[in-house]
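The values are calculated or read from the model by the stated rules, or taken from the named source; none is laboratory data. If you're wondering where the values come from, they're calculated on a predicted model, not measured in any experiment. Cβ placement follows ideal geometry from the backbone for every residue including glycine, while neighbour counts extend to all protein chains displayed.
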Protein chains: 2
Amino acid sequence: MSGWDPRPAIALKRSGSRVPAEDIERIVLAYARGEVADGPMAAFLMACVLRGMDAGETDAMTRAFIASGASVTLGDVGRPVVDKHSTGGVSDAVSLVFAPLVAALGLACVKVSGRALGHTGGTIDKLEAIPGFRVDLDIEQMRRQVERVGCVITSQTPELVPADGAVYALRDATGTVESVPLIAASVMAKKLAVASDVILLDVKAGSGAFMRDAAAAAQLADACLAIARAARRRAGAAITDMSQPLGTAIGNALEVAEAIEVLHGRRDGRLRDLAVWLAARALTSAVGIGPDEAAAAASSALADGSALARFAAWVEAQGGPALVIDDPAGILPRAAVRLPILAAASGFVSTVDTATVGLVAQGLGAGRAHRGDTVDPSVGIVLTAKIGELVERGEPIGTVHARDAGSAEIAGNAIAASLQVAAEPVAAPPLVYGWSEEG
Amino acid sequence: MSGWDPRPAIALKRSGSRVPAEDIERIVLAYARGEVADGPMAAFLMACVLRGMDAGETDAMTRAFIASGASVTLGDVGRPVVDKHSTGGVSDAVSLVFAPLVAALGLACVKVSGRALGHTGGTIDKLEAIPGFRVDLDIEQMRRQVERVGCVITSQTPELVPADGAVYALRDATGTVESVPLIAASVMAKKLAVASDVILLDVKAGSGAFMRDAAAAAQLADACLAIARAARRRAGAAITDMSQPLGTAIGNALEVAEAIEVLHGRRDGRLRDLAVWLAARALTSAVGIGPDEAAAAASSALADGSALARFAAWVEAQGGPALVIDDPAGILPRAAVRLPILAAASGFVSTVDTATVGLVAQGLGAGRAHRGDTVDPSVGIVLTAKIGELVERGEPIGTVHARDAGSAEIAGNAIAASLQVAAEPVAAPPLVYGWSEEG
């Protein structure tokens, strides 16, 4: 223990008073160094959850997370650098399309990403489904790749915001995850610690997201943008729908294959539409062209194969086979068992319990219940039915990809049960609920 | 870690929902066994502080504390057994008078007591100021002594409510002390774990108490009595004044000497009055005689020397010299330096910063800033000025008993500064604000 006593700061927050920025920085950094124990830190975090944190306090926590480690600064790479972050969803392979798409549009995408946890997927796990794909790049490798290819996605190193990692692990163990300011500080520390010209946040709302409705997601978006404002960084936040899986694939190799389909221009739908929408926003924010022109440019880069070519170059640059774009079925790992998912009832799909869909995929081996669990890249779900579509009882609505017949059957029944149908037509939810920007 | 995950229980309390009794018992007992870590327990406690606990939850926590250890059951000792507990104050030597006084009245006083911490004194430290006094009695020694002498006060053993000790240490380290239900559970677990016929609580209110006013103290008293009711135990709670030191002595040997003066019938004042008041309540609760008759009996037992004789027998039974009642100055340790405390201003004493008085005594060596600190039995303060009394600037209002002249002077100035005076007469505060009982 250091000589510093965290209890006065805890007492301030407990009583609902504002904690001075220096005390927040001190408790976070002392905790990261092991000088404040788990007990006082957990009590402080619970007091933050229940009493809230104002913008200044949230900002101080973000700065402490950043100060605890090293930053990623690539220097001038000759293009505006865009960083994109999703708060986590199901069938959310947007980054796999977005990164080569903005590279094809003359921007650079630099992204330090995480792994799957709980019901949500992780971009790093998806990329690792590609044989040979390396996610442990150092800064010099990142810089060279961005200059040459225009995009890079690599795994978070222990040097980046270590205090955030330590605090998140404690929050996970102590029931103190659910807090808009704590989530915002954790998200934004990771974004601000990486040098970029534009930060794009995709804040998910719905049954498969941490934030269950658009209003809650907007609160989180606002908190994140306030942190960006305080740090004088340009940022934009979209509130997007996660009331159903975004694409049709849930599972690492399955999502890579679906992203490749989108990059080929062969697959329409919400995954494509959101990637195009976000790429257009990136273009508008970074170089100032109008939204319609930007959207047209993004669509063209998918239609003309230039985004696909960037994807191939990107995969090759990080050690994978460029050929994966032509033969994904032959190169990506495939599960031993495939079983159709049959609709349990007839009617218009009205709701999807999307978190359950994510957890079923996790149960098949596609995700992690606990940090450190091993992920099976081959397994997962393909669920083609979308909200508003008419399904017929007993007719196929997707496919389970599993290691064995037993788990396939359990998963298929669980997925079928996660859909509710209605007798009357149901409107499809919007794709994007809102957008705001800063700087 | 056990297989049991405390996070659902934490989440319930965080959301303001009621936590089932079995979950509260489980988290407390698992924490005491080391199967729940400090972090989750501290987060749970902070959620309890901020969300509150209802009577059932408080009761469940009390029962878990008791279930974590062994109970003290003396069996039939031939008299009604009274246990008395103060929530902690300054110059609060009531137990030293009360125990032999109720023994002289035909009751038994059995008390398992604690040590000084922070600004408040501890009965065990006071008793240990008597050379040779032993406070580590086992149950058989306690039983024999109660049968023979009528009173016993011994130190809390690690076997009694160990979960309470573990949780209290965590609360102390994590800023989660301030909570009526948590305090009530901690107090009442220690009382319920000792078999007694009547539990008397002396809940202090004022500048030297944890509860700063009578209303807050009444909340704590009510919470404690609700626990007694659930456990079907007879209990009464007095709300008593701690807006100034109860007696005149603050410091271990000094307080023993003052208690002996009261037992000789030579010292009037609030310490005597409260001991008599509580002894009368004990008599009324235990054997049902009327309050006036009980008060007269208690006063007589002080006046006729029978309480003093019980004190001498008690000291001897626990290994100390009975002669201490005749020659306290010769037997009790004395500080090297004595320095008069001079009034800093003229007027009627209007307020005393009683916690500061306690902390000054602690600073001299009479108390503990941290558990495990060593206490000097000889040092302390005698402060004769009481609220409502007229003092003259520069005239003595007490004496510092210190190890050296430097600390004596600092302490004397601090005590003088802890008194405020007014030009107009000030009424003395009541001694007892309220009383309620249960069972």
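Under the condition of being out of contact with any Leu (no Cβ under 7 Å at 6 or more places or on another chain) and not aliphatic (A, V, I, L, M), which residue from segment B:218-241 is surrounded by the fewest Cβ atoms within 10 Å (Cβ to Cβ)?
From segment B:218-241, those out of contact with any Leu (no Cβ under 7 Å at 6 or more places or on another chain) are B:218-220, B:222-223, B:225-230, B:232, B:234, B:239; that's our starting set.
With the extra rule that they be not aliphatic (A, V, I, L, M), the set shrinks to B:219, B:222, B:229, B:232, B:234.
Numbers: B:Gln219: 16, B:Asp222: 17, B:Arg229: 15, B:Arg232: 8, B:Arg234: 18.
Only one residue tops the list, namely B:Arg232.
When you scan segment A:121-135, do you find a residue that is basic (Lys, Arg), under 20 Å from A:Arg368 (Cβ atoms) and within 16 Å of the chain's Cα centre (by Cα), even just one? Yes: segment A:121-135 contains one or more residues that are basic (Lys, Arg), under 20 Å from A:Arg368 (Cβ atoms) and within 16 Å of the chain's Cα centre (by Cα). For segment B:1-13, residues that are assigned to a loop (DSSP other than H, G, I, E, B) and either within 7 Å of chain A (Cβ to nearest Cβ) or among the small types (Gly, Ala, Ser) (or both) total 2. Scanning segment B:312-353 for residues that are farther than 21 Å from B:Ile153 by Cα, among the acidic types (Asp, Glu) and free of Cβ contacts under 8 Å to residues at least 40 places away in the same chain yields B:Asp326, B:Asp327. Looking across segment B:147-169, just one residue is surrounded by 21 or more Cβ atoms within 10 Å (Cβ to Cβ) and within 14 Å of chain A (Cβ to nearest Cβ), and that is B:Val167. Of the strands (runs of 3 or more DSSP E) contained entirely in segment A:368-439, those carrying at least 2 residues that are over 30 Å from A:Ile227 (Cα atoms) fall at A:380-383, A:396-402, A:419-422. In summary, B:Pro333 fulfils each of the numbered conditions (1) closer than 30 Å to B:Cys224 by Cβ; (2) assigned to a loop (DSSP other than H, G, I, E, B); (3) at pLDDT 95 or above; (4) not small (Gly, Ala, Ser) with the single exception of condition (1). Being part of a helix (DSSP H, G or I), aliphatic (A, V, I, L, M) and touching a Ser or Thr at 6+ places or on another chain (Cβ under 8 Å) is not true of A:Val256.
Filtering B:Val187, B:Val276, B:Val262 for residues that are β-branched (Val, Ile, Thr), farther than 25 Å from B:Val324 by Cα and not in a loop (DSSP other than H, G, I, E, B) leaves a single hit, B:Val187. Taken over segment B:242-256, the criterion of being surrounded by fewer than 24 Cβ atoms within 10 Å (Cβ to Cβ) and either under 24 Å from B:Ala129 (Cβ atoms) or not polar (S, T, N, Q) (or both) is satisfied by B:Thr248 alone. Selection of segment B:147-172 for residues being in a helix (DSSP H, G or I) and within 27 Å of B:Ala221 (Cβ to Cβ) yields B:Pro162, B:Ala163, B:Asp164, B:Gly165, B:Ala166, B:Val167, B:Tyr168, B:Ala169, B:Leu170, B:Arg171, B:Asp172. Please verify whether B:Met41 is within 12 Å of chain A (Cβ to nearest Cβ) and at pLDDT below 95, treating the condition exactly as stated. No. Can you spot a residue in segment B:79-91 that is more than 14 Å from chain A (Cβ to nearest Cβ), within 30 Å of B:Ala301 (Cα to Cα) and part of a helix (DSSP H, G or I)? Taking every residue of segment B:79-91 in turn, none turns out to be more than 14 Å from chain A (Cβ to nearest Cβ), within 30 Å of B:Ala301 (Cα to Cα) and part of a helix (DSSP H, G or I). Filtering B:Glu35, B:Glu57, B:Glu22 for residues that are closer than 27 Å to A:Val36 by Cβ and at pLDDT 95 or above leaves a single hit, B:Glu35. The single condition among (1) surrounded by fewer than 24 Cβ atoms within 10 Å (Cβ to Cβ); (2) touching a residue at least 24 places away in the same chain (Cβ under 8 Å); (3) within 27 Å of A:Leu182 (Cβ to Cβ) that A:Ala215 does not satisfy is (2).
Only one of A:Val287, A:Val276 is surrounded by fewer than 17 Cβ atoms within 10 Å (Cβ to Cβ), in contact (Cβ under 8 Å) with a residue 12 or more places away in the chain and not small (Gly, Ala, Ser). Can you tell me which? Let's see the steps before the verdict.
Values: A:Val276 fails: surrounded by fewer than 17 Cβ atoms within 10 Å (Cβ to Cβ).
Answer to the check: A:Val287.
Is it true that A:Leu201 is assigned to a strand (DSSP E or B), under 27 Å from A:His370 (Cα atoms), away from every other protein chain (no Cβ under 14 Å) and not hydroxyl-bearing (Ser, Thr, Tyr)? Criteria met by A:Leu201.
Count of segment B:14-38 residues, restricted to those that are in contact (Cβ under 8 Å) with a residue 40 or more places away in the chain and within 11 Å of another protein chain (Cβ to nearest Cβ), is 2. Considering only residues in segment A:170-190 that are within 11 Å of chain B (Cβ to nearest Cβ) and not small (Gly, Ala, Ser), the one that is farthest from the chain's Cα centre (by Cα) turns out to be A:Thr174.
In summary, A:Asp76 fulfils each of the numbered conditions (1) buried (at least 20 other Cβ atoms within 10 Å of the Cβ); (2) away from every other protein chain (no Cβ under 14 Å); (3) more than 24 Å from the chain's Cα centre (by Cα); (4) not β-branched (Val, Ile, Thr) with the single exception of condition (1). For segment A:16-30, which positions are out of contact with any Ser or Thr (no Cβ under 9 Å at 6 or more places or on another chain) and either over 14 Å from A:Glu57 (Cβ atoms) or basic (Lys, Arg) (or both)? A:Arg18, A:Arg26 - these are the residues of segment A:16-30 that are out of contact with any Ser or Thr (no Cβ under 9 Å at 6 or more places or on another chain) and either over 14 Å from A:Glu57 (Cβ atoms) or basic (Lys, Arg) (or both).
Would you please name the residue that is surrounded by the most Cβ atoms within 10 Å (Cβ to Cβ), looking only at residues in segment A:119-146 that are among the hydrophobic types (A, V, I, L, M, F, W, C) and in contact with a strand residue (DSSP E or B) (Cβ under 8 Å, 6 or more places away or on another chain)? So the residue we want is A:Leu127.
Within segment B:44-73, the set of residues being surrounded by fewer than 24 Cβ atoms within 10 Å (Cβ to Cβ), within 14 Å of chain A (Cβ to nearest Cβ) and not aliphatic (A, V, I, L, M) comprises B:Arg51, B:Gly52.
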